[in-house]
Amino acid sequence: MNRDYDSRSADKFVVRLPDGLRQAIEQCALDDDRSMNSVFVQAVRQYLDVTNRQQVLLEALASAAQASTAGGSNV
């Protein structure tokens, strides 16, 4: 971890969690000997990464489909 990082000056905001999610995060943190915050941050990062990958794949598929129709391929 960056030694210059100060959690007191980090961005903060309140998140409303559905029933049971806080307990699930807490249990995961206990099981992995981590903080609830680190579990939550990792989950958000993974979600954003997957969302980004999906967008890249969809764009590649759309581009390939457009290239194949523009090429006049008769299959």
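The values are calculated or read from the model by the stated rules, or taken from the named source; none is laboratory data. No experiment lies behind these values; they were computed from the predicted model shown. Heads up, the Cβs are rebuilt from the backbone with ideal geometry, glycines too, and the neighbour counts pull from every protein chain shown.
Reported count of residues in region 1-23, each being over 15 Å from Val44 (Cα atoms) and either at pLDDT below 95 or not in a loop (DSSP other than H, G, I, E, B) (or both), is 11.
Residue-by-condition table, conditions (1) surrounded by 10 or more Cβ atoms within 10 Å (Cβ to Cβ); (2) under 21 Å from the mean Cα position of the chain (by Cα):
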site: Phe13; (1), (2): no, yes
site: Pro18; (1), (2): no, yes
site: Ser35; (1), (2): yes, yes
site: Val39; (1), (2): yes, yes
site: Arg45; (1), (2): yes, yes
site: Gln55; (1), (2): yes, yes
site: Leu58; (1), (2): yes, yes
site: Gln66; (1), (2): yes, no
site: Gly71; (1), (2): no, no
